[in-house]
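*Asks:* Below: one structure in structure tokens.
The values are calculated or read from the model by the stated rules, or taken from the named source; none is laboratory data. Because the structure is a prediction, the values reported are computed rather than measured. No Cβ is skipped: glycine too gets one built from the backbone with ideal geometry, and neighbour counts run over all protein chains shown.
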């Protein structure tokens, strides 16, 4: 065999090797579940993270279904980004996209809010008076921030002049929080943080903004000018005991003071004081910086619908779903996704992600005449930022057990750069992939 | 993470960089790899002179990769918190070094053509 022939052979060999590699890569892709033919009418209430994602999944799985999604909000907000905006790491537009960006083709989108949910008649009525009948309803409305519950507080008070901040309210408020935090960490004073006594979305967020305030003041060389006080609604800093101990240790190390059973009750913007309800009576504290996170409840339209628990969270109105299947306990054709669910854990986007396959499985299985098998174990996740550049990737379930995604590789209670990397780089991408029904 | 399939990872990378940029980067990496194999087959040997320069350029690629990731994530060496962080950083350094070395080797081979070492 002369050199030329050998060269030819090698090239052919190389081409077939490349083709084989490409074929191997293709077979690694996820296998799409079979579609089911149906004419079922499915209404999804809410086009946020939970609603948009399940709309995409059902549009893929169901052939012929009439899927209607109802939401009056034109903007979609990537809420896990609010903390990054409030720390000056991202601009307000980091969290903003359009609701319609994420919805699949072939479904009906009604850009309006629900005025009435009637689970007896299987009907939604919108504010505009449109009536939509359904065979199956998925409630994914999210929750309402009850700002009025904090006496004397109004969102118009926020900003660097007053030192009052409310980054939970949205991307613009998060950007104003940064303006105030930047000024506070320049000038110094007393900063008050804390959380409400109701269930809340992302229970780690009040801790993150406290840690970030400490880190930003330290980076500026102004740590000794700043006093940071965290007001906990309970006798702990976090509901999972092992995490609580770790956060307490970090707060002690960084000289962040904490007070137990202090629930923000009133704000006096003029006098720059905050009043907390405590077991020993009201306590009023002067502040230079205040972060307000209000009580959180189901939207009124849900609370009026009869879907809420009658004997649990009666002041909050979360819907009565089975903890494992997320199916309503009294109305079998109703499911819940996300913050609205009356389950003990997980008002986070991470939980929304885990709700998806469970609701999809039970709904599609029922339409196909089978019984769904998937269950939700309470999984939720919190990349708990402890400083710019480090975080703890905390994941746990209903039992308060830590359930790390990368056991033995990423230690959940260690402050790691890799966990920060995930929050900063991979989380939004994963979230967006989830919205498209691809993760 | 609940469903860590190859499809999920692809979807996440597409969202991270935008589908266009991500696939463009995949194509660039594939073209360089194919170019490397092409010049190896064409020259039917590994040129030690080109390989030496490629090796010498490895630290530049490694440091550039680490610097880029730290810059993108607004972090620094002081944030390395555990063994996994060090391993990840070494991995990024290694990937940058090897990738850049291959690029340098291919570039030399394509620009200069086949050379006789002595």
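*Asks:* Please go through the range B:14-31 and give me each residue that is more than 7 Å from chain A (Cβ to nearest Cβ) and crowded, with 16+ Cβ neighbours inside 10 Å, ordered by number.
*Replies:* Hits for the range B:14-31 are B:14, B:22.
*Asks:* Enumerate the strands (runs of 3 or more DSSP E) found wholly within the range A:245-346, keeping only those where 1 or more residues are crowded, with 19+ Cβ neighbours inside 10 Å.
*Replies:* A:257-259, A:263-268, A:273-277, A:289-291, A:334-336
*Asks:* Follow-up. Tell me which of these residue A:428 doesn't satisfy, since it passes every other one: (1) at pLDDT 95 or above; (2) touching a helix residue (DSSP H, G or I) at 6+ places or on another chain (Cβ under 8 Å); (3) closer than 19 Å to residue A:201 by Cα.
*Replies:* Going through the list (1) at pLDDT 95 or above; (2) touching a helix residue (DSSP H, G or I) at 6+ places or on another chain (Cβ under 8 Å); (3) closer than 19 Å to residue A:201 by Cα, residue A:428 breaks only (1).
*Asks:* A follow-up question, please. Can you report the number of residues in the range A:28-54 which are within 19 Å of residue A:368 (Cβ to Cβ) and assigned to a helix (DSSP H, G or I)?
*Replies:* 1
*Asks:* Looking at the range A:105-121, can you tell me whether even one residue there is buried (at least 20 other Cβ atoms within 10 Å of the Cβ), over 30 Å from residue A:387 (Cβ atoms) and either touching a residue at least 24 places away in the same chain (Cβ under 8 Å) or outside the structural domain of residue A:216 (by TED's automatic domain parsing) (or both)?
*Replies:* yes
Rundown of residues vs (1) in a helix (DSSP H, G or I); (2) within 12 Å of the chain's Cα centre (by Cα); (3) facing chain A (nearest Cβ under 8 Å); (4) at pLDDT below 95, yes/no style:
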| position | (1), (2), (3), (4) |
| --- | --- |
| B:12 | yes, no, yes, yes |
| B:66 | yes, yes, no, no |
| B:96 | yes, yes, no, no |
| B:105 | yes, no, no, no |
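*Asks:* How many of the residues in the range A:90-104 are over 17 Å from the mean Cα position of the chain (by Cα) and either buried (at least 23 other Cβ atoms within 10 Å of the Cβ) or farther than 30 Å from residue B:75 by Cα (or both)?
*Replies:* Count: 5.
Every residue, every condition in (1) more than 10 Å from every other protein chain (Cβ to nearest Cβ); (2) assigned to a helix (DSSP H, G or I); (3) more than 20 Å from the chain's Cα centre (by Cα), yes or no:
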site: A:352; (1), (2), (3): yes, yes, no
site: A:362; (1), (2), (3): yes, yes, yes
site: A:411; (1), (2), (3): no, no, yes
site: A:428; (1), (2), (3): no, yes, no
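*Asks:* Go through A:317, A:306, A:378, A:338 for me and flag whichever is at positive phi and within 14 Å of another protein chain (Cβ to nearest Cβ).
*Replies:* The unique qualifying residue is A:378.
*Asks:* Could I ask something else about it? Is there a residue in the range A:159-173 that is under 24 Å from residue A:91 (Cα atoms) and free of Cβ contacts under 8 Å to residues at least 12 places away in the same chain?
*Replies:* yes
*Asks:* How do the pairs read when you match residues in the range A:297-314 that are without any contact (Cβ under 8 Å) to a residue 60 or more places away in the chain with residues anywhere that are buried (at least 19 other Cβ atoms within 10 Å of the Cβ), using Cβ under 6 Å and keeping only pairs 6 or more apart or on different chains?
*Replies:* Cβ pairs passing all conditions: A:303/A:317; A:308/A:317; A:308/A:319; A:309/A:320; A:309/A:342.
*Asks:* Only one residue in A:35, A:26, A:83, A:99 is modelled with pLDDT under 95 and touching a strand residue (DSSP E or B) at 6+ places or on another chain (Cβ under 8 Å). Which one?
*Replies:* When all the criteria are applied, what remains is A:35.
*Asks:* Can you tell me how many residues in the range A:155-168 are under 24 Å from the mean Cα position of the chain (by Cα) and in a loop (DSSP other than H, G, I, E, B)?
*Replies:* Here the count works out to 2.
*Asks:* Within the range A:397-409, take every residue that is more than 8 Å from chain B (Cβ to nearest Cβ) and touching a helix residue (DSSP H, G or I) at 6+ places or on another chain (Cβ under 8 Å) and give me the one that is farthest from residue A:346 (Cα to Cα).
*Replies:* Taking the candidates together, the pick is A:402.
*Asks:* Moving to a separate point now. Looking at the range A:66-89 only, could you name the residues that are in a loop (DSSP other than H, G, I, E, B), touching a residue at least 60 places away in the same chain (Cβ under 8 Å) and buried (at least 23 other Cβ atoms within 10 Å of the Cβ)?
*Replies:* A:87
*Asks:* Determine, yes or no, whether residue A:433 is assigned to a helix (DSSP H, G or I), in contact with a helix residue (DSSP H, G or I) (Cβ under 6 Å, 6 or more places away or on another chain), within 10 Å of chain B (Cβ to nearest Cβ) and within 30 Å of residue A:43 (Cα to Cα).
*Replies:* Here the answer is yes, as residue A:433 does meet what is asked.
*Asks:* A further question follows. Those residues that are without any contact (Cβ under 8 Å) to a residue 60 or more places away in the chain and either crowded, with 23+ Cβ neighbours inside 10 Å or closer than 28 Å to residue A:215 by Cα (or both), I need them from the range A:384-402; list them, please.
*Replies:* Those that are without any contact (Cβ under 8 Å) to a residue 60 or more places away in the chain and either crowded, with 23+ Cβ neighbours inside 10 Å or closer than 28 Å to residue A:215 by Cα (or both): A:389, A:390, A:391, A:393, A:395.
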